[in-house]
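**Student:** Supplied in structure tokens, the structure appears directly below.
The values are calculated or read from the model by the stated rules, or taken from the named source; none is laboratory data. The shown structure was predicted, so the numbers you read here are calculated from the model rather than taken from an experiment. Backbone-built Cβ (ideal geometry, glycine too); neighbour counts: all protein chains shown.
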Amino acid sequence: MPRAVVCRELGPPESLRLETFAAVPLAPGQVRVAIRAAGLNFPDVLMAAGEYQLKPPLPFTPGMEAAGDVVEVNEATGVTVGDKVIVKMRHGAYSDEAVASPSQLVKLPSTFDYAEGATFLAGHGTAYHALIDRGRLQPGEVLLVHGAGGGVGLAAVEIGKMLGAIVIATASSDEKLEIAKARGADHLIRYDREPFRDAVKRITDGQGADVVFDPVGGEVFENSMRCINWGARLLVIGFTGGIGLAKTNLLMIKGASVLGVRAGEAVRRNPALGEVRIKALTEWAEAGKVRPNVSHRLPLEDYAKAMRLLIDRKAIGRVALTMG
């Protein structure tokens, strides 16, 4: 019988349980995907704890993205048995199989394995939406990427460099910064060795960053306002370090903008955005221009250990659960 990680009570990863379930028949227009890998995202941790904006009714299975093989089709067009696909979902990926509609499926790039496919669209999709749709990043601008050793941060480094920006990456270790450098970062900052706002001013000859990519929040967001250029755009991706407070005087003085980034919600409100985004990302993937850095691959039964890698910030890039 297929297995799934189930959240029956809100709490830490250790409160989740691996359970078996009976596969349900497909309704017309649905497909069944045998999941070979599931990607982990920090919202999975928050959702299981009841701290995310989306609160599925209990019980539910975490996981926003997966990759695998189509094994059954019921009157669904454009999909055939044997297709290798990425599955987009709001939750449900930590499982051996998923029932989905064709609109949830994206062809797995031929350059990716299943774990890379399962860790691609959420991170790179967020970075794309942030830098292109929201930040309007231009060639030659200075892009400051916080959390550059994480999944969305590394994706922002990769895409920012591809768009022609001068990329400054911050992270907590030399190992994370070396991978950011390999993905295109021009300047590296160990924020535990030098205040990043001082480093950014030094690197830019006092001008500051044009675009700030911030998945951290808290004091990082607050200090970012003190090292921005005129007309800067501060992109709020998340708040793993807490909720940041905006100093409106600093924003006014620099003519700066603070922009919230919700890549999934933007597509739900405007599906055309998603079509353009996925087309670009898959073309870049096929051309070898973008690729997730999967630092850890763990079996499905090690879901709690895998989620702890995100909580403890031990992952470099992405973490994947593997099945089969």
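**Student:** Looking at I189, I166, I159, I179, can you tell me which residue is within 15 Å of the chain's Cα centre (by Cα) and at pLDDT 95 or above?
**Tutor:** On the way: I189 fails: within 15 Å of the chain's Cα centre (by Cα); I166 fails: within 15 Å of the chain's Cα centre (by Cα); I179 fails: within 15 Å of the chain's Cα centre (by Cα).
So the residue among I189, I166, I159, I179 that is within 15 Å of the chain's Cα centre (by Cα) and at pLDDT 95 or above is I159.
**Student:** Can you tell me which residues in region 169-201 are surrounded by fewer than 21 Cβ atoms within 10 Å (Cβ to Cβ) and under 20 Å from I253 (Cα atoms)?
**Tutor:** Those that are surrounded by fewer than 21 Cβ atoms within 10 Å (Cβ to Cβ) and under 20 Å from I253 (Cα atoms): D198, K201.
**Student:** Right, next: Just to be sure I understand, how many residues within region 270-324 are free of Cβ contacts under 8 Å to residues at least 24 places away in the same chain, small (G, A, S) and farther than 17 Å from H129 by Cβ?
**Tutor:** Summing the residues that are free of Cβ contacts under 8 Å to residues at least 24 places away in the same chain, small (G, A, S) and farther than 17 Å from H129 by Cβ in region 270-324 gives 1.
**Student:** Within region 139-148, does at least one residue satisfy the condition of being in contact (Cβ under 8 Å) with a residue 24 or more places away in the chain, assigned by TED's automatic domain parsing to the domain that holds I159, in contact with a helix residue (DSSP H, G or I) (Cβ under 9 Å, 6 or more places away or on another chain) and part of a helix (DSSP H, G or I)?
**Tutor:** no
**Student:** I want to confirm something. Restricting to region 205-244 and keeping residues that are among the aromatic types (F, W, Y) and within 20 Å of L137 (Cβ to Cβ), which single residue is modelled with the lowest pLDDT? Before you say what the answer is, go through the steps one by one.
**Tutor:** To start, the set of residues in region 205-244 that are among the aromatic types (F, W, Y) comprises 213, 221, 230, 239.
Right, trim to within 20 Å of L137 (Cβ to Cβ) and you get 213, 221, 230.
Numbers: F213: 98, F221: 95, W230: 98.
Only one residue fits best here, namely F221.
**Student:** Another question, if that's okay. For residues that are surrounded by fewer than 22 Cβ atoms within 10 Å (Cβ to Cβ), in contact with a Pro (Cβ under 7 Å, 6 or more places away or on another chain) and aliphatic (A, V, I, L, M), scanning just region 59-112, find the one that is modelled with the highest pLDDT.
**Tutor:** V79
**Student:** Pick out the one residue from L154, L163, L143 that is more than 19 Å from R262 (Cβ to Cβ), aliphatic (A, V, I, L, M) and surrounded by fewer than 24 Cβ atoms within 10 Å (Cβ to Cβ).
**Tutor:** On the way: L154 fails: surrounded by fewer than 24 Cβ atoms within 10 Å (Cβ to Cβ); L143 fails: surrounded by fewer than 24 Cβ atoms within 10 Å (Cβ to Cβ).
That would be L163, the only listed residue that is more than 19 Å from R262 (Cβ to Cβ), aliphatic (A, V, I, L, M) and surrounded by fewer than 24 Cβ atoms within 10 Å (Cβ to Cβ).
**Student:** Failed condition for T248, given (1) over 30 Å from E51 (Cβ atoms); (2) hydroxyl-bearing (S, T, Y); (3) surrounded by fewer than 16 Cβ atoms within 10 Å (Cβ to Cβ), with all others met?
**Tutor:** All conditions are met except number (1).
**Student:** Can you give me the ranges of the strands (runs of 3 or more DSSP E) entirely in region 216-324 with at least 1 residues that are in the same structural domain as A66 (by TED's automatic domain parsing)?
**Tutor:** Passing ranges, in order: 294-299, 318-322.
**Student:** If I filter region 253-261 for residues that are surrounded by fewer than 22 Cβ atoms within 10 Å (Cβ to Cβ), charged (D, E, K, R) and free of Cβ contacts under 8 Å to residues at least 60 places away in the same chain, do I get at least one hit?
**Tutor:** yes
**Student:** Please specify each residue of region 186-211 satisfying the condition of being over 15 Å from L131 (Cα atoms) and either of a type in the set (A, V, I, L, M) or part of a helix (DSSP H, G or I) (or both).
**Tutor:** Matches in region 186-211: L188, I189, F196, R197, D198, A199, V200, K201, R202, I203.
**Student:** In region 37-58, how many are crowded, with 22+ Cβ neighbours inside 10 Å and touching a helix residue (DSSP H, G or I) at 6+ places or on another chain (Cβ under 9 Å)? Lay out the reasoning, then the answer.
**Tutor:** Quick first cut of region 37-58, residues crowded, with 22+ Cβ neighbours inside 10 Å only: 37-41, 44, 47-48.
With the extra rule that they be touching a helix residue (DSSP H, G or I) at 6+ places or on another chain (Cβ under 9 Å), the set shrinks to 37-41, 44, 48.
Residues that pass the stated criteria total 7.
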